[in-house]
1. Taking every DSSP beta bridge with both residues inside the chain, roughly what % is antiparallel (nearest 5)?
2. Could you tell me the calculated FRET efficiency between ILE102 and ARG259, based on Cβ-Cβ distance and R0 = 35 angstrom, to the nearest 0.05?
3. For the chain, what are the DSSP H helices with axial Cα length of 27 Å or more and mean Kyte-Doolittle hydropathy of at least -0.5?
4. Excluding SER288 itself, what net charge comes from residues whose Cβ is under 11 Å from its Cβ, given Lys and Arg +1 and Asp and Glu -1?
5. Loop-only trypsin sites (Lys or Arg not before Pro) in segment 47-85, please: DSSP not H, G, I, E or B, and at most 13 other Cβ atoms within 10 Å.
6. Rounded to the nearest 0.05, what FRET efficiency is calculated for ASP15 and PHE296 with R0 set to 30 Å and r the Cβ-Cβ distance?
7. Output the peptides 14-26, 116-128 sorted from most to least packed, where packing is the average of other Cβ atoms within 10 Å over each peptide's residues.
8. In a Gaussian network model over the chain where Cα atoms closer than 10 Å are linked, find which of LEU209, LEU238, LEU71 has the largest mean-square fluctuation.
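The numbers here are math on the coordinates, done by the rules we state, and not lab data. Remember, predicted model here, so these are calculated numbers, not experimental data. A quick note on method: Cβ atoms are made from the backbone with ideal geometry, for glycine too, and the neighbour counts reach across all protein chains shown.
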Amino acid sequence: MTTTSGKWNVKDIPDQTGRTAVVTGANSGLGIATVEALAGAGTHVVLAVRDLERGEAAAATVRGSVEVRRLDLADLASVREFAAGWHGDLDLLVNNAGVMNIPQATTKDGFEMQFGTNHLGHFALTNLLLPRITDRVVTVSSGAHRMPGSPRIHFEDLNLTGDYGPIKAYSQSKLANLLFTLELQRRLTEAGSPVRALAAHPGWAATGLQGHDANVVRRGLMRVGNRFIAQDNRAGALPTLYAAVEDLPGASYIGPDGRGEMRGAPAMVSRSAAASDPVTARRLWTVSEEMTGVAFPKLPAVAGA
Ligand SMILES: NC(=O)c1ccc[n+]([C@@H]2O[C@H](COP(=O)([O-])OP(=O)(O)OC[C@H]3O[C@@H](n4cnc5c(N)ncnc54)[C@H](OP(=O)(O)O)[C@@H]3O)[C@@H](O)[C@H]2O)c1
């Protein structure tokens, strides 16, 4: 964990030659910044995107070894197809893609769009790829997991059909990202696997994420915030990158070290009590298996274990 300028930055990423990574939502925002940094350090990076044309355009801007494959997290058939097409080892999976505060919508499989994309799509993808993963899974959560109003997992109506709210749905999905990481790490440890599950959040980064808000006033405010408060996508990707390459304990959560965790250099940060509850994490896992039809896999035996 040496630093070149006092604060950890992209130059501190050790040589990643020989490693392979998948980054979801890789064609824009934090995703493309994550790809640039990993590929720049020698990783072969697969950009997992829902629009191949935009994926290829983004890949063309990156120096290093990259390829583009189709993945629509809002369609379990697409998730299964992506995983079935994977052959060989995968060192790193970055569950980065996401939608935020959007108007009410459903995925192909009928799940509420934010929970379905941000959590269930990544849940299915991770479990389907897990027998191939050799090093770690990094899932991008958000400070929104602890927004005012105490976000929780609405087990009685996970798709929020009875009472949809754009922020309620986003914070539920980002809380789910952290609970997923907690239970995934518990299961990996129980299975004797060396694979680690970690989570990260970028603080506030100016990306396309804020442009789809269901509320026009909030959208305008976020545009102003993007201009005057947010950090850029490269700074926002640093917590993800730190979680992806540094030697950290499983279930670590990395975010910016500045005030309110809005910006700054990557550091270990705390999560809400709701995001630390192992009972809720297990319950969410069981329900997610039922909803997706994808279960925690049998993992390959570890030599010497
Ligand atoms: N920016 C922030 O301040 C901030 C703060 C906290 C957390 N985050 C988290 O950071 C992550 C990345 O967001 P960002 O800020 O980089 O926003 P972004 O620029 O909008 O990127 C989101 C990416 O997710 C992709 N995506 C959306 N739905 C998808 C689907 N069904 N299947 C596959 N890919 C899909 C988008 O693809 P298209 O281009 O095709 O739409 C896009 O590439 C998200 O998980 C978000 O919750 C961001």
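1. Details: 5 of 31 bridges.
Around 15 percent of the beta bridges assigned by DSSP in the chain are antiparallel ones.
2. Details: r = 29 Å, r/R0 = 0.82.
The calculated FRET efficiency here is 0.75.
3. Numbers: long enough: 166-190 (36 Å, -0.26).
Both cut-offs are met by 166-190.
4. Working: positive: ARG282, ARG283; negative: GLU183, GLU289, GLU290.
Counting the neighbours of SER288, the net charge comes to -1.
5. Details: sites: ARG50, ARG54, ARG63, ARG69, ARG70, ARG80; in loops: ARG50, ARG63.
Sparse-neighbourhood loop trypsin sites (Lys or Arg not before Pro): ARG63.
6. Values: r = 32 Å, r/R0 = 1.08.
That pair, ASP15 with PHE296, gives E of 0.40.
7. Values: 14-26: 21.2, 116-128: 25.9.
Ranking the peptides 14-26, 116-128 by packing returns 116-128, 14-26.
8. Top of the fluctuation ranking is LEU209.
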